[in-house]
Amino acid sequence: AEGYDFQAIQDRWLPVWEDLKPFEVGAGDSTRPKKYVLDMFPYPSGDLHMGHAEAFCFGDVLARYWRGQGYDVLHPIGWDSFGLPAENAAIKRGVDPREWTYANIAQQKASFRVYAPSFDWSRVLHTSDPEYYRWNQWLFLKMYEKGLAYRKASWVNWDPVDQTVLANEQVLADGTSERSGAMVVKKKLTQWYFRITDYADRLLDDLDQLEGKWPTKVLNMQRNWIGRSRGAEVEFEIEGRDAKVPVFTTRPDTLHGATFMVVAPDADLAAELVADASPEVRMRFQAYLEQTQKQTEIERQSTEREKTGVFLDRFAVNPVNGERIPVWASDYVLADYGHGAIMAVPAHDQRDLDFARKFELPVRVVVDVRDADGAQLPDPAESGLATSGEGVMVNSGELDGLGKLDAIAKAIEVLEARGTGRAATTYRLRDWLISRQRYWGTPIPILHGADGEMRPVDTAVLPVELPASEGLDLKPKGSSPLGAATEWATVVDPETGETWTRDPDTMDTFVDSSWYYLRFLSATDPTQAFDPELVNSWGPIDQYAGGVEHAILHLLYSRFITKVLHDLGYLDFEEPFTALLNQGMVLQDGAKMSKSKGNLVEFASELQAHGADALRVTLAFAGPPEDDIDWADVSVQGSAKFLARAWRVADDVERDGAPLGTDPASGDTALRRATHHLLADAPGLVEAYKFNVLVARLMEQVNVTRKAIDAGAGAADPAVRESAEAVAMILSLFAPYAAEDMWAKLGHEPTVALAEWPKADPALLVEDEVTMVVQVDGKVRDRLTLPATVSEADAEAAARASAGVQRAIGDRTIVNVIVRVPKIVSIATKP
Ligand code: ANZ
């Protein structure tokens, strides 16, 4: 027989699997329990890379595992194929984004086939197919109908390089675009939004259900992103203005200490307040506004920067004490948080104090804050340190003497009684900006009338197909290229003869990926987005796997859309992803791999050189899946050697082993124990994502099996066959080709992937050896190490033979022996 040859094995099994299609799940009429295992679908930006190799390896381990446990497993694959990179690449190379995209998809598909994740290939979807994005449009119209999709003019994040609007989530902490790296600026545009803020509470509260099933880090990132703040809304009268101005505060208890008001320069309110001011004030304000617009949100919130601002020459009235307080504009107040205006309490808020000291505004202490020794903290006006801690209220009328929580409750009560405020909650979360001024996306199915009227496209005529890119200038310019596709954009109503214009914008691709997991249940259904019955029987996703880069955006949007579809009556469940595994990154020499750094490990060449199995085993063995893997530290050759060793065990059994179906009971007990311990431990290891530990256990098992072959009756021992079968089944999670070949050598039909794992025999799991105590007349005289299965007679004999016991008995006569195997032997004597 030849040795282990990964290439020959791949060539042998790939066609068999393609023929068998073992991972296609049927119409759902099986009575077996179901698991839905999903890997975040790839973006077709080229061939697959090592990051894909890792992510899809882990997702596949889980999918294959559940099949081995007797589940029907749905494990589909699709492509997230709309989006900017396709368009940018197309612009650069002058090719059609469609062609570029589908060529990449074809390449990735070909690589996947060899890499062999256990996908159900009958359900493939591409979000850029009209058959898919038609349902994005359907979803949009459902949201529009419910008032959850709306248009508004607002300041948006503008990427001056890509010339497109970005969601807040796409602006990095340093104020640059996640896509182009350009410094993001603000621009006022009319855009489409999804009203995700209506769902803020549910999106936050339901995270508690995912505790222990999602990484804690991701749960916290979601919580911070939603950023719920509880407090009050307080209405301030502004002299010379009819409507009162609301502010949001988390500290209504400090209202008596509010000595001025600050408005965001870029809030509409600021412009309105200076409209009738002197030319000098207006000019100063205008200059300040322009300066503000150059700052990023991060810079504006920085506590390091010296405070700046302009007095608006207006006064507000503090509703609790009637005091007249000046109104300023400053960039540390953000236009789109709370109400874009604040009551400033300099004694107890550091930003306000810095501002008050800079512009010489009054500071009034209203909370008596003390240090640990009970000493009063220094006056903030002098120390420059605001006292934000807890204390007892002072200078605050009816609040005096109260502690923080009581004072907050009382303040809200007073405000409510006077009709000048109420309890309120604010969120950091903003509505989801979904329109993009780019070509390669889902057209927004809205028509605009000459008079500005909007009208949804009739769902019966969906999809609104993207026009061909030919003849369109795809270069970013701030308005969608689709606007120039005149023929496409112009729609004449056949009944009225009126002319309507199509909305030229396309949807954020996060819309596409927010519900794709539902489409896999009905991937080819031309009549509906998804079949609610199928979705409810398979969903929610039992196991989701993918990169931590999606910890906020994609997961939040999917959770939101799931809740919307639940509310619309389509889904029984409200959370899409029951469990989440985030894999680490594949690095090289401690750094992220990239072409420009020259440290790129090409997936295709690794696959070519080592084969799918060795790559997958290497990725699984490298460490806990959540950790980063440094490709410089791993040994693919080591994995290949292990696979060869495992394969040779089956090869030996094929030649000289016990025949298929031999009862293993007569086999070597030590080897059987090892096998059954492995079978017993494997499920827990997979479910705890300890894939590396399980691979190590497989290595151990192969070693003890080899030793048993060398030392004992060769491969003929039925315990060797039993071990080889267990190894093949468990190894199939990591090395499907080698495992299949072993399975065939062991006399089984393909495929090992559908073989149900045997349960461990509890009798073989008990400890091999135990410590038995021997007492003489109630005193412990010896401790003996004996097999756990020792017989009563053998136990008694061993006890009597013990030197310590014999010494204790001496010349006395034994009158009684009580044997309780395997724990104790108790001997009674008399003189
Ligand atoms: C008075 C006050 C007194 C405040 C005090 C804090 C401490 P979080 O917790 O982040 O929600 N604020 C409100 N709207 C703002 C805006 N648009 N831009 C900048 N700051 C704004 O913060 C809420 C607090 O941030 C609010 O409570 C308000 O200042 C400020 F001792 O009101 B506070």
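Just a few scattered comments:
- Region 88-171: equivalent-ellipsoid semi-axes (sqrt of 5 x gyration tensor eigenvalues, Cα, Å): 31, 22, 13
- For region 568-711, the alpha-carbon radius of gyration amounts to 1.38 times the rule-of-thumb value 2.2 N^0.38 Å expected for a compact globular protein.
- Geometric extent, Cα atoms of region 521-568 - Rg, Dmax (angstrom): 12.6, 35
- Count Lys and Arg as plus one, Asp and Glu as minus one, and take only other residues whose Cβ is under 11 Å from that of ASN168; the net charge is then -3.
- Using alpha-carbon coordinates, inclination of helix 636-656 to the longest axis of the chain, degrees: 40
- Rounded accessible area of MET585 (nearest 10 Å², 1.4 Å probe): 80
- The convex hull around the C-alpha trace of region 355-419, projected and averaged over every direction, spans 5.4 square nanometres.
- With DNA, RNA and ligands ignored, accessible area of TYR4 (1.4 Å probe; Å², nearest 10): 50
- Cleavage-rule hits (trypsin sites (Lys or Arg not before Pro)) in region 255-326: DSSP loop, at most 14 neighbouring Cβ within 10 angstrom: LYS294, ARG305
- Among the listed pairs LYS597/LYS641; LYS217/LYS759; LYS146/LYS186; LYS707/LYS759, those beyond 27 Å (Cα-Cα): LYS597/LYS641; LYS217/LYS759; LYS146/LYS186
- When the residues ASP368, ASP313 are ordered by accessible surface, computed with a 1.4 Å probe over the protein chains alone, the sequence from largest down reads ASP313, ASP368.
- Rg of the Cα atoms in region 135-196, relative to 2.2 N^0.38 Å, amounts to 1.28.
- Folded to 0 to 90 degrees: helix 792-801 orientation relative to the chain principal axis, Cα: 80
- Per-q log10 I(q)/I(0), the chain, q = 0.05 Å⁻¹ (Debye; single scatterer per alpha-carbon; no solvent): -0.42
- Descending Cα extents along the principal axes, region 267-372, whole Å: 49, 34, 25
- Under Stokes-Einstein, with the Kirkwood radius over Cα pairs as Rh, the value for region 339-391 at 10 °C and 1.306 mPa s is 139 µm²/s.
- Only lysines eight or more places from LYS187 in sequence, or on another chain, were considered; those with a Cα closer than 20 Å are LYS152, LYS294, LYS475, LYS477.
- Think of each Lys and Arg Cβ as +1 and each Asp and Glu Cβ as -1; about the Cα centre, that makes the dipole of the chain roughly 1420 debye.
- Where GluC sites (Glu not before Pro) fall in DSSP loop in region 446-540, at most 10 other Cβ within 10 Å: GLU453, GLU470, GLU495
- With Cα atoms, 0 to 90° folded angle of helix 279-293 axis to the chain main axis: 10
- Kirkwood radius and radius of gyration were both taken over the C-alpha atoms of region 1-130, and their ratio Rg/Rh is 1.03.
- Only aspartates and glutamates eight or more places from LYS404 in sequence, or on another chain, were considered; those with a Cα closer than 12 Å are ASP253, ASP368, GLU390.
- Mean-position separation - Cα centroids, region 612-628 and region 106-180, in angstrom: 29
- Heavy atoms of ASP336 accessible to a 1.4 Å probe, total area in Å² rounded to 10: 70
- For region 183-256, GluC sites (Glu not before Pro) meeting the loop criterion (DSSP other than H, G, I, E, B) and having at most 10 other Cβ atoms within 10 Å: GLU239.
- Note on region 485-540 and region 300-317: Cα centroid distance 46 Å, given to the nearest whole angstrom.
The values are calculated or read from the model by the stated rules, or taken from the named source; none is laboratory data. Keep in mind it's a predicted model, so treat the numbers as computed, not measured. No Cβ is skipped: glycine too gets one built from the backbone with ideal geometry, and neighbour counts run over all protein chains shown. Only protein heavy atoms, including side chains, enter the accessible area calculation; ligands, DNA and RNA are left aside. Shrake-Rupley method; radii C 1.70, N 1.55, O 1.52, S 1.80 Å.
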